[in-house]
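Chemist: A single structure is presented below for examination.
The values are calculated or read from the model by the stated rules, or taken from the named source; none is laboratory data. None of these values were measured; they are calculated from a predicted model. Cβ placement follows ideal geometry from the backbone for every residue including glycine, while neighbour counts extend to all protein chains displayed. Protein only, heavy atoms only, side chains kept; ligands, DNA and RNA dropped before computing areas. Shrake-Rupley method; radii C 1.70, N 1.55, O 1.52, S 1.80 Å.
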Amino acid sequence: LAFVDVETTGGHPGWHRITEIAIVAMQGGAVEWEWSSLVNPGSPIPPSIQVLTGITNAMVADAPRFEDLAPEILRRLEGRVFVAHNVRFDYGFVRGELRRAGHTWAAPQLCTVRLSRHLYPDGGRHNLDSVMARHGIGCDARHRALPDAQVLARFWQVLRSDWDAASLQAA
């Protein structure tokens with residue numbers, strides 16, 4: 001599994017760009033490695049996004065562009081299920097950036113929002129903050145890519161301890 005989180009300049013992968021990406025790789029319930037990078041989006045980060053993420057234009061000014069990171073990202077995602085909270089958002093951005101960099105890529109996907117809704121239908125909200133509160137998962141820096149990806153990996157470990165493999169597979 002590859003638990004992925006991206007921070008972006010906005011909400012639309014066709015118009016906005018990634019400013020940070022993180023991947024936490026897991027196999028058999030254990031973290032294999034973690035990787036993250038700031039990304040120079042090639043355009044200004046709106047002030048509201050800077051406030052939300054804490055990622056400023058100065059922080060990404062000397063960061064690599066996505067196309068320079070693409071080979072490393074492809075290598076790290078190869079053969080893994082792409083797992084994200086609201087997977088359409090993160091997957092759409094990563095796939096779009098890879099396409100702009102000249103790469104054709106697709107991967108099986110798992111959405112932790114949908115998984116949470118299915119396994120905890122009476123749990124109320126299923127945004128990441130609610131999932132964290134429900135399962136006692138802490139996070140040092142919300143809306144930063146690596147801490148958010150780490151939360152997803154911890155959520156998966158909680159699910160593996162609370163549900164049998166057949167129930168998780170069915171969900």
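Chemist: Could you look at the stretch 1-65 and say what percent of its accessible area is carbon and sulfur, using a 1.4 Å probe and all protein chains? Mind showing how you got there, number by number?
Modeler: Working: 1600 of 2860 Å².
The nonpolar share, carbon plus sulfur, comes to 56 percent.
Chemist: Which percent, to the nearest 5, of DSSP beta bridges fully inside the chain are antiparallel? Before the final figure, lay out the partial values.
Modeler: On the way: 15 of 21 bridges.
Close to 70 percent.
Chemist: Pick from Arg100, Arg65, Arg142: which residue has the top mean-square fluctuation in a GNM of the chain where Cα pairs under 10 Å get a spring?
Modeler: Arg100
Chemist: At a threshold of 8 angstrom on Cα-Cα distance, excluding pairs fewer than six apart, so keeping six or more, what relative contact order does the chain reach in percent? Walk me through the numbers before you get to the answer.
Modeler: Numbers: 273 pairs, mean separation 44.3, N = 171.
Across the chain, relative contact order equals 26 percent.
Chemist: Are there GluC sites (Glu not before Pro) in the stretch 72-154 that DSSP puts in a loop and that have at most 16 other Cβ atoms within 10 Å, and which ones? Working shown, then result.
Modeler: Values: sites: Glu72, Glu78, Glu97; in loops: Glu78.
Counting only loop positions with at most 16 other Cβ atoms within 10 Å, the GluC sites (Glu not before Pro) in the stretch 72-154 are Glu78.
Chemist: Shape verdict for the stretch 1-129, please, from the Cα gyration tensor: rounded (a/c under 1.5), prolate (a/b greater than b/c) or oblate.
Modeler: Working: a/c = 1.82, a/b = 1.28, b/c = 1.42.
Oblate is the answer for the stretch 1-129, as a/c is 1.5 or above yet b/c matches or exceeds a/b.
Chemist: Pop out the ³J(HN,Hα) list for the stretch 152-161 in order, Karplus 6.51 cos²θ - 1.76 cosθ + 1.60 with θ = phi - 60°, rounded to Hz; leave Gly and Pro as x.
Modeler: Once rounded to whole Hz, the list reads 4, 5, 5, 4, 4, 5, 4, 4, 5, 7.
Chemist: Below 8 Å between Cα atoms, with a sequence gap of 6+, how large is the relative contact order for the stretch 1-96 in percent?
Modeler: Numbers: 147 pairs, mean separation 31.9, N = 96.
Averaging sequence separation for qualifying contacts and normalising by length gives 33 percent for the stretch 1-96.
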